Structures are given as C-alpha cells and as structure tokens.
2 protein chains.
Amino acid sequence: MVGVHPAWLPASAFRSIGARRVRVVGDGPVVATVRGEVETAVAGHGGALVDDGPVDLELVCAPDDGEADPEAFVVGRAGSTTVVRAIDGVGLLYGFHHVVRLGEAAFTGAAEDRRHAPRLPVRMLDHWDNVDVHPVMGQVERGYAGGSIFYADGAVRADLSRARAYARLLGSIGVNRVCLNNVNVHRTEARLLTDLLPDVARLAEVFRPHGIRVHLSVSFAAPMTLGGLPTADPLDPAVRDWWARTSAEVYAAIPDFGGYVVKADSEGSPGPFAYGRDHAEGANALARALAPFGGTVFWRAFVYNHRQDWRDRKTDRARAAHDHFAPLDGSFDANVVVQVKSGPVDFQVREPLSPVIAAMPRTRLAVEFQVTQEYTGQQKHVCHLVPQWHEVLGFQPWGEEGPTVADIAGGRAGAPAGGVVAVSNVGDDPFWTGHPLAQANLFGFGRLAWDDRLTPEAVLDEWIGLTFPGDPAVREALHDIMDGSWLTYERYTAPLGVGWMVNPAGHYGPSVDGYEYSPWGTYHFADRDGVGVDRTRSTGTGFTGQFPAPWRDVYESVETCPDELLLFFHHVPYDHVLHSGKTVVQHIYDSHFAGCEEVSRMVETWARLEGRVPPEVFERVTALLQEQTRCAAEWRDQVNTYFWRKSGVPDARGRTIH
Amino acid sequence: MVGVHPAWLPASAFRSIGARRVRVVGDGPVVATVRGEVETAVAGHGGALVDDGPVDLELVCAPDDGEADPEAFVVGRAGSTTVVRAIDGVGLLYGFHHVVRLGEAAFTGAAEDRRHAPRLPVRMLDHWDNVDVHPVMGQVERGYAGGSIFYADGAVRADLSRARAYARLLGSIGVNRVCLNNVNVHRTEARLLTDLLPDVARLAEVFRPHGIRVHLSVSFAAPMTLGGLPTADPLDPAVRDWWARTSAEVYAAIPDFGGYVVKADSEGSPGPFAYGRDHAEGANALARALAPFGGTVFWRAFVYNHRQDWRDRKTDRARAAHDHFAPLDGSFDANVVVQVKSGPVDFQVREPLSPVIAAMPRTRLAVEFQVTQEYTGQQKHVCHLVPQWHEVLGFQPWGEEGPTVADIAGGRAGAPAGGVVAVSNVGDDPFWTGHPLAQANLFGFGRLAWDDRLTPEAVLDEWIGLTFPGDPAVREALHDIMDGSWLTYERYTAPLGVGWMVNPAGHYGPSVDGYEYSPWGTYHFADRDGVGVDRTRSTGTGFTGQFPAPWRDVYESVETCPDELLLFFHHVPYDHVLHSGKTVVQHIYDSHFAGCEEVSRMVETWARLEGRVPPEVFERVTALLQEQTRCAAEWRDQVNTYFWRKSGVPDARGRTIH
C-alpha cells in the first residue's frame, strides 16, 4: 500500500528465500498464502517457485502420524535443501516465517530436524476498536495510532487492504486469534453479532488465509438489547435459546469463528450479578451456545468496584479479581478461558503478578497484556514492553522450584491450556503503531507468545534485523535505545510500584494526586511522613494473602519485599532505606533525574541514525523523542516537587527541584 | 408553554394589575408588549383594558421634554389612579414591571411622582450557546440547564417560543442586550454573521418587543475564515473593508443590531497579537465598521498566557488583564466597551476586584459576571450569587471616599458609561436554570444591574414574592436557605480566596491539586509548611501594585489583608493566625465542617416546604440538595484530608478527617 510502512516484512526480509529455488507442497488457503509469499519473494529477488527438480527450500504441508499440533513445524536440512514440514497450512506458514527470520542462516551447514511448536496455544490480539466514533473514547479506545483499520464512517471499511496487510503481519509472528471490536460494546458495535454479521464475515475472510480466527466482543445484555427479551439472566431458557440461535447464525456465516470476548460486570458493563448469578454461570451460558461449533468464550476477570469511596481504607481494588474468581475455580466449562490482566490492577508500568493466575488450577487462563501503551507513554514514548511481559511469563508463583506463568497458561502446570491475549497497538497510522519503534512491541508480543523463553533482547534483535536490515550501527543504536526503555519509563513515572500518578483524563502525563480521591480505587496515600499502600495481612488490606508461598511472605515483609514493588505493598516513611541503600525519597529524586538523563541519551543515540534509517522514520521518531523529553521532564519535575513539598527532604545532590 | 416553569412571571404576579381598569397610551412594538401583558392580566383576573373613562392604572408612553433617557420611567399617584409615564416603550415596559413587583402597594395611598432610571446603561446577558453541539463543550459551553433555547440540531430552532418567553423574562428585569452565541466562535457559529444572518434576524424579532438588542460573538479571524482574505490584520484596508461590508449587511437585516462581542488572543482564540497589533487597534477596527450604524464592540479583557509553566514563579495570571489593557486606556473608540471579568482570574467564588476596573478612566468598561454557576456548583448547588455581585459593584477601589465599581461602570466616576454583562444560566430545562432556585440569580442580576444599591436580601425578597406568592413560611425558608448560600459554598470549597481546587475536567467537585501543575496559571503552592500565592510587591509577583491606594497597601500586608483573600495574596504558614483568631489550618477545618453543616440545615429547612411549593419544584430541589450534600462532603473531606496530610496538624476539635 502506498505510504504504509512495511513493518517487519519489507521486501528485503525475503531476500534469502527469494533468491533461491523453492517448492511448496500442499493445499488449502493457508498453504496458498505461503505459496503467494514465495511467488512474490522470488519475483523480487531472482529465484524460482518450482514444482520439480532440485530446490534450496522445500515447504511441505502433509499428514504426519507423529504430529498432532497443526501449528507445529519441523525444520531441517536434507543435503543442500532446507525442508520445512507441517501437517497444516498454519504450521507451514509459521515454518516459512521461521525461515524468513533465519535469513541466510537457514541455508548453511547441516542441521538436524528440529520441531517447533507454540508454548501457548492461544495467542490473541484484542482490538478496542469502535465502529462508530465514541464521543469520549474515539474510534479506537486507548488507541494511539490513528483510526481503526477495520472501521470508518460508522461501518466496516469497504477497502480492507490495511486489514489484509495486518493479518499478514500477525500471521508472520504466530498470532492466531483476533477480536475485532472493543470490549466495551456500544450500540452499533453490538450489531456486529446480528445484522452486521456479513461485514464480520468479510473480515474473517481477510484473516483466514493467515491462520487467524476472528472473535467478537459481545454485551452480556445482548439478549435484551438485540433480542428484545425482558432479561439477560444466564439461567433463563429464553436467554440460552437466544444465545444458541444467535451463535448458530454466526457459525453459518463464519464456520471457523473463534468465539466471544466478554467484559461483564466491569466498569458499568452489564453482567450476571444483576440476576444474582456468578461469573461461571454467566460465562457458561455463552460457552454452551458456542460449544457445538468449537467456539470459545474469553471471559475477562477485570471485575472490581469502580465506585469506591476513597475514605474506605478496607476495600482494595487489587484484591477484586481474586475475590470474585478464585472461588469459581472448577466451575467454568471447558470452552471458557478466563482472561486475567497480568497484574492485579490495570496495566501499570510495574505491578506484581495477578494472584488469580496462581489460584485457578482447574480453569483455562489467558494472561492479558497491553501492547497499546495506555499507561506507558501512548506510543509517544519509546517503551519497549517485551521485557515486562517476559518477566511476567517467567514469574514462578510458587517459587524457584515451581512452574512459570507461561507454564500455567500453556497447560504445563496441571491446569488446562489457555494462552495470552493482548490489546493491539495498531491503527491506520502509516507506521501502524504511531511510534515506529512501537512496532517492536507488536512483533515481540507474537514472538513471546510463541515462545516465552526467548529473551527480550533476542526478540528485539529479530525485529531490528527484519525492519532495519544490514546496518550494525542501527542495530546497536536501537538496542541502546530500546532494551532498557521500559525501566527508563518506570524511573521517570510513578515510583516503586505505587502506580497511577497519571492524568485521569486520558492517562497521559503526570498528575500525582490525579487518582488520590477517586472512585476508581487507586491511591498512594502520600502524606508529610510517607507514602504507599499497606496491602499486608498484618496491618493492611490482606492482599498479600492472595499469593501462595513464598510470595505471600516475601511481599508481606518490608524487609523482603522487592524495592520495585515496595510502595505497592507497604506504606513507609520517606526515610525508609531500600535494599539499594537509598532512602525512599532520595530514590524518587534519583530515579526521576536518571530517567530523564536516559531519555536524553536516547535522543543523542537516535540523532546519530540520520541517513541510516528511512527519512520518514527518522523524522517521526525524532519528533516523538522531543515530546518524550518534554513529558519525561514534566513527570520528573511534578513528582519530585510533589515529594519535596510533602516531605521537606532536600535532594542529597542539590539538583533543581521546583 | 406546557411544562415550562413560569419563573418569576406566573399569572398570580399580575393579579393586582389584572383585577383593575387599565389604560395604555402610546405606540410602537414595546408599548404593544405592555398592552399585551395588560390584556392577558385583565383577562385572567377580571379587570379591563380600557381606552376611556376612569382607570386605576394608566401607562403612558409620550414625549417629555424633561426626560432624555428612553429607559427611564416615572411612577406616581393622581387621585386614585396610579400613573406610569415614559418617553419610550422600553421605559414604559420597565415601569409596568415595576408596578407588577409592587403588587397591591402600587395602588394604595398617595405617592409623589418618582423617577426611576437604570444606574448602568448596559445590562447584558452573554449566551455561551453553540449552534452545533461541540464535541467537548456541548451545546451550551458551561451551561448547566440542558440544551440551548436558541439552537438545536445544528441550526436556529424553528420554534422560538422558549426564546420568546425568555425575552419576556429578561425585559421584565431590565436586561437590554443579549449576545446570542458563545464567545468561543466555532465554525458553524461564525456563519451567524453571514449566511445564517436571516436566522439571527428571526431571533432579533423575538427580542425587539422587549427592548432588547441582540449581539453576535465574532471571531477576529472572520475576514480569513469567512471572507477568504489572507490576513485578519486590523490595519489592513481589505480587512477593514470586509468588516465594513459585513457589518452593513448585518444592519440591513437587523437595523437595531447591538454589535459584536469579541474574545481575542484568549485561550487560543485569534486576535491582533498575530499581526503585531494591540487590542485597541483590534477593537477599533471592528468598532469603526459598526459606528455608522450605532453598534458597539464588547471587547473582552480576558487575555492571559494559558500555556504557562508551573515552574515559573514570576508569571502571574492575575496580572495579565491589567498588564495588557491598562496601558491602552484612552486608545479605544467611543463605541468600544472593554468587558472585564469582575475578578482578576476567572469567576472563582472569591476573588479581589479586577484592578483593570480602576485603571482605565478614559475607557468604557463593562464588568462581567457569571450567572451560570461554572465554578459555584453548576446549578446543582444552591449558591445565590447576588451578594457577590453586590459586593463587587459596591466596592470602592480608592477607599471609602471614592466612587464604587458601579459608579465607574455607570459613568459616574469620570469614565464614560459602560455597564454590566453576565453569562446566562438559562437552557431548555423546564425550570430554565436547572436548579429552580438558580432563577433567582438571573432575576437578581437584572435587578442589580438596574440598581446596584438594592440589597441582595431585598432583591431575593422580590423574587420570592413573585415566584412563590402568598406564603410567609416559604418566604422565610427561602431566605434562610439562599441569603447566605454563597458564603456557605465558599466555606466548603477552596479556602481563604486561593481558589481553583476544582476538577480541571468540568470544573465541578474538588481536586485540590487539580490545577497545581497546570499551564492555566492557577496554583496554591501548598507544601508541608504553608499555602497561598505570594502576590505582594515586596516578595511576590507584584500584583498588589496594580491596585490604587489604599488597597495596594491593604493587600500587600499580611497584617491588613482581609482573611477571605489572605491566600490569594500571601503564602503563609499553616499556623498563621487570622484576624478571626484561628490558625489557617484550623480555619480550613472549621469552615469546611461549618459549610457542610449549613447544607444540612438547608436540607432540613427545605424539607419543611413539602406541600407549600409546587410538587415538581419540591422534588427537583430535594434531589439537587441531596447532590449538594454529597458534593459538599466530598469537598470537605478532600480539602481537610489534603491539608491534614500536608500539615500534620490535627483538628483542634477532634472531628473525623480521613
């Protein structure tokens, strides 16, 4: 498409394959996609797609009694031929892109067959796109990359070429499910399930050739708002019948439809509580309508009281998901996936793990991340989030001997397999993601969802190699800028895990007290003596008790609690000494000055890339780094001034605090 | 109109006149209005409108060599006949409503002729109504009474019956100018000046029979945006020609058009600064286009830097209007009125007088108030503002021997006469003003604009007598609730004149630090030791120096500065002792508890009126008092908690601070 950045799939990425003789064996829509990729590659780079004779690369989709996973593939070398085998087109597609990423390395030396299969079966992107522009939340809720690639002018786009290019990008990194509309389902969007279904089918056709099943977010009240029933009670036979009939119609139009995503009883959305039903009863009602067709309900655990009274020190939003969901373990049908935000609150730059993830061994769980940078700089700031997700997926809730979060979600820890879900950061911006470097978060999400054991640096290295090929200086500079950018963002924003010191309107930029007296249940309790939220069992809200050992004890004690989460779990005086040896208030000053200095270094490093990256990328990133510099200084100065005014403790190094 | 509250003109208000024999003498559209009022009154109450024979009331519009003011009227008794005389229909209308307000007292005893004339020639209401619903500010910017009575669905309403009833209400209280559209002129609204002019003419026809001239807010950039010129430079001949031609067309359609209202170089609006011109050059350019037709430019002095850096302690928004305008005194054309907000900042519950008002003796000034309760409870809270305006109009900038603000604006202090302007609080709500008791603010504005020497209690008493006739218990209760309600609102909101501790999004409810790090230039600088803004000459921004003696010295000294403005002018420690004998922090606690207790008493007092006021009024006010109670408690608790956390000083009376 003219003017649209190719992201990590520029023509150059296909040079190694395109310069060779390639054979593709197999049938079906996804194999056809692979064949089309090869055709384009060889046309551009001088190779050939052949049916007979010797080849450099053979891509074979064929039955194999030893393989059960359609997403798996085997890569090996037979003589001078690299061979990729899979039992399904989607496995072959993943194998093809594996070879793309390997580049020349795929064609050198001898290599034994090696099987690759995803560690997490569900690898899903949720789009918070609205069909109609919402008066407050816009076309894409929490979207920072322009309009929707699916919708414009109140309808599904006539021209779906951007969606098609997007589907190709997602297929290349192993994403296998996409939810097409915002979890907050407004009036027009509700109708995607019924009279707008033909348009959904058009979108499903766009995603199908890339091995991706589409989902819809649905409103729990749909039997009333769309069906005209007097109730949405999940145990009401007429309600169940409505969901069954409606779902059957969806599958008649889209046989491989993935299922529903549901935000219920959450921030004002309708749900089963209105009928005295629990969330298992709610989820199962929908699940049974989907079960005959192989569909899945993704039921979000993001349920909490958003009409809290700040004067009430007992209620703790962090506790809510566990309080609501842990008791329901074992009650969910097999085709329900409970979708749990990675942290207990809401996508802050730093949170502990959501304790729900370790509390539901008989439930399929999906861990939910945000690729869209709602609280992490809104694609104006460089904030490479792959290290955060890697840390979450590798976290061991039962300590060093126990399984990781990825093991739990991947079905390797006793519980049935779920996966990972993330909110997309893509819009109709020419760079897809607003900030060109934010493409790496989308890429990295897919790669980490495929294999959580990949290191963030390795994933970033893949992305750089594909997107900015051939220049070691660019590679080095981007690692310098991006590898540590999550920690940089953490340093200049809310300190020590306390979160939230953000403008309530829009979630961008600092407002230290912005949520301090709010009904959303998000506080820091700073006074002239100290700061932090006491979530201990002994004197606080008891949230630490939702974790299994050892973390219930590690977090409980101010002595053992990790510095980076200290204020999430404890209210401490400003002169409390961290494990780092600094006082809390000096840490606040130091980290905020350091974060801004790191941004300055990003700017310098990026400036050296002029002429080494495409000029439109250079200009966009340069302009955004200017905004990041301004905003980081604003964070630094407001946070430092706030704590200086409150504590009266001067900076030990005498720097300017206003 | 069905379902619309009659405000202060129910049929009962006309009983004394309507039961009598009345003669109306004179011609013209406004005399016709008076005649129509009499006709309706006598039809409802058994009297008669007669041409001959003895009458109880004679209303005479006729030339009188001794009278020059068309708005003046004389009332007297000749035998058993009450006689009202005026030289113009509008004077007769005002005299008629004077008799309405007097009721039976107009028809008893002997009374010498007494002349009544307005003290302030300009008595204007500005509507911040948008033709199109603005995506952020809505149909009526800062409107809290529903939609616009002028516009709906992106156009001037076809049915102007509400506008007609509104014009009648305004005529009855002496308002003589109305600006029809928002000072922030958006795209559709700009076209009121050109292709939508026929609709403006329809509105002018609605207001004309009530002696009211209509105005339009215009954009300084109109020569470019509407006229297609490359510049809006006020000294450019083509620009001047465009304004001249455009104005001529307006007057061709509306011969008694009042003129323009201009918000220029203010909060992002275009203005003369872009061309290196000052505001006199800007205003005069428009004034010269209007002068041939007798039109006036109302040029707002609300010019300040709204992109301020909170780290900059030198810039002071309070100084801005004086800095910009005082040097221009004497440069404005005779048909320019400089419209100055009553305080130096922006309609806070308590501000000192704007020093501009005492600084431009050769300029026509209008003092601008807000009848719409933007910062004073948004017509959810009872906040009777007439005492505030009375205090402003009676303020003596040069001390006890000097003229008042009303003298300045009324042309009795050397400067040419201007007047008063206020932002209307009216919308298409059935009670006109959202809160039924907020009607008293609209009524009181008109009455005080006519005669600033009326006491707020007397004005309120008139309103009660007209609106809720005949029940002394209601009268007493409403005085109890409303007389002191402005001070009550002050007590539970931002303390001691510091202002602004309000939610930036929407200006309703508390957010103590909401503006503390904002570009809008509105701070309180609270730290662990003290609070307030140092605006002294000796150590602060020097704002005190913009006042003449004695106030420049009264405000400069922490010893003499009035308590209620202490934190506007001074940064003081929490243990600073006020003239009241309390420390600042104890005053904060005490006033906030007291304010909430006063709201509780309002609720009790109002509850006793069940069955004594119309049920729909009772219910609406009861519901709003519930919200006021909730919101006042929120203010109390957030402000008290904020200062308790910062100061560490406990409440001397041990009350609950969270």
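What are the ³J(HN,Hα) couplings of segment A:473-479, residue after residue, when phi is run through the Karplus curve with 6.51, -1.76, 1.60 and θ = phi - 60°? Round to Hz, x for glycine and proline.
Once θ is set to phi - 60°, the couplings for segment A:473-479 become 5, 5, 4, 5, 5, 5, 4 Hz.
Could you please state how large a percent of the accessible area of the protein assembly as shown is carbon and sulfur, counting protein chains only and using a 1.4 Å probe?
Whole-percent figure for carbon plus sulfur exposure: 52.
How long are the three semi-axes of the equivalent ellipsoid for segment A:586-658, computed from the Cα gyration tensor as the root of 5 times each eigenvalue, in whole Å, largest first?
Over the Cα atoms of segment A:586-658, the ellipsoid semi-axes are 32, 11, 6 Å.
Based on the mean of other Cβ atoms within 10 Å per residue, sort peptides A:382-394, A:323-335, B:369-381 so the most packed one is first.
Top of the packing list down: B:369-381, A:382-394, A:323-335.
Counting other Cβ atoms within 10 Å, which trypsin sites (Lys or Arg not before Pro) in segment A:332-364 have at most 15 and lie in a DSSP loop?
A:Arg362
What ³J(HN,Hα) values, in whole Hz, does the Karplus curve 6.51 cos²θ - 1.76 cosθ + 1.60 give for segment A:396-407 when θ = phi - 60°, with x put for Gly and Pro?
After applying 6.51 cos²θ - 1.76 cosθ + 1.60, I find 10, x, 9, x, 4, 8, x, x, 8, 4, 5, 5 Hz.
For the A and B pair, go ahead and give the buried accessible area with a 1.4 Å probe, both sides summed, in Å² to 100.
The buried area between A and B, both sides summed, comes to about 2200 Å².
Sort all Cα-Cα distances of segment A:177-467 into consecutive 5 angstrom bins from zero, then give the percent of pairs in each bin up to the one containing the longest distance.
Bin by bin from 0 Å, the calculated values are 1, 5, 11, 16, 18, 17, 15, 10, 5, 2, 0, 0.
For the protein assembly as shown, compute the number of Lys pairs whose alpha carbons are separated by less than 27 Å, excluding pairs fewer than 8 positions apart on the same chain.
Step by step, the pairs that qualify in the protein assembly as shown add up to 17.
Under 5 Å between amide H atoms, partner at least 5 residues away or on a different chain: which partners does B:Gln339 have, H built in plane at 1.01 Å?
HN-HN under 5 Å from B:Gln339: B:Trp299, B:Arg300, B:Ala301, B:Ala366.
For A:Arg608, place a label point 7 Å out from Cα along the Cα→Cβ vector, do the same in each other copy, and report the separations in nm, one decimal, smallest first.
Inter-copy label distances (nm, one decimal, shortest first): 8.1.
Starting from a label point 7 Å past Cα on the Cβ side, list the distances from A:Arg311 to the same position in the other copies, nm, shortest first.
3.9
Using the heavy atoms of the protein chains alone and a 1.4 angstrom probe, what is the accessible area of chain A per residue in square angstrom?
Heavy-atom accessible area per residue stands at 35 Å².
Taking loop as defined by DSSP and a crowding limit of 13 other beta carbons within 10 Å, which GluC sites (Glu not before Pro) in segment A:82-178 fit?
Taking segment A:82-178 and a limit of 13 other Cβ atoms within 10 Å, the loop GluC sites (Glu not before Pro) found are A:Glu112.
List the residues, sorted by chain then number, that are 5 or more residues from B:Gln378 or on another chain and whose placed amide H is less than 5 Å from its amide H.
Correct list: B:Gln373.
Quick one: label points 7 angstrom along Cα→Cβ at B:Gly76, distances to the other copies in nm, smallest first?
12.2
Assign unit charges at the C-beta atoms only (+1 for Lys and Arg, -1 for Asp and Glu), then state the dipole size of segment A:202-248 relative to its Cα centre in Debye, rounded to the nearest 20.
In debye, rounded to 20, segment A:202-248 gives about 280.
Each residue of segment A:18-32 in order: what ³J(HN,Hα) in whole Hz does its phi give by Karplus 6.51 cos²θ - 1.76 cosθ + 1.60, θ = phi - 60°, with x for Gly and Pro?
In residue order, the calculated couplings are x, 8, 10, 8, 10, 10, 10, 10, x, 9, x, x, 7, 4, 4 Hz.
Under 5 Å between amide H atoms, partner at least 5 residues away or on a different chain: which partners does B:Gln370 have, H built in plane at 1.01 Å?
Residues meeting the criterion, in which the H sits 1.01 Å from N, are B:Val423.
With charges set only on the Cβ (+1 for Lys and Arg, -1 for Asp and Glu), what does the dipole of chain B come to about its Cα centre, in debye to the nearest 20?
Approximately 340 debye in magnitude.
Given the peptides B:409-415, B:116-122, A:60-66, arrange them by the average over their residues of other C-beta atoms within 10 Å, most packed first.
Going by the mean number of other Cβ atoms within 10 Å, highest first, we get B:116-122, B:409-415, A:60-66.
Tell me the Rg and the Dmax, in Å, that the Cα atoms of the protein assembly as shown produce.
Considering the protein assembly as shown through its Cα atoms, Rg and Dmax are 36.0, 128 Å.
So which trypsin sites (Lys or Arg not before Pro) in segment A:507-614 end up in coil per DSSP with only 15 or fewer other C-beta atoms within 10 Å?
A:Arg537, A:Arg608, A:Arg612
Report, as an integer, the average count of C-beta atoms from other chains found within 10 Å of each Cβ along B:510-517.
Averaged over the peptide's residues, the number is 5.
With +1 on each Lys and Arg Cβ and -1 on each Asp and Glu Cβ, and nothing else charged, work out how big the dipole of segment B:552-658 is about its Cα centre, in Debye to the nearest 20.
260
How well do other chains shield peptide B:135-141, expressed as the mean number of their Cβ atoms within 10 Å of each residue Cβ?
Average neighbour count from other chains, rounded to a whole number: 1.
Evaluate peptide B:365-375: per residue, the Cβ atoms of other protein chains within 10 Å of its Cβ; return the mean as an integer.
Across B:365-375, the average partner-chain Cβ count within 10 Å equals 0.
The values are calculated or read from the model by the stated rules, or taken from the named source; none is laboratory data. What you see is a predicted model; the values in this text were computed from it and never measured. Quick reminder, even Gly has a Cβ in these numbers, built from the backbone with ideal geometry, and neighbours come from all protein chains shown. Please note that ligands, DNA and RNA were not included when accessible areas were found on the heavy atoms of the full protein model with its side chains. Shrake-Rupley method; radii C 1.70, N 1.55, O 1.52, S 1.80 Å.
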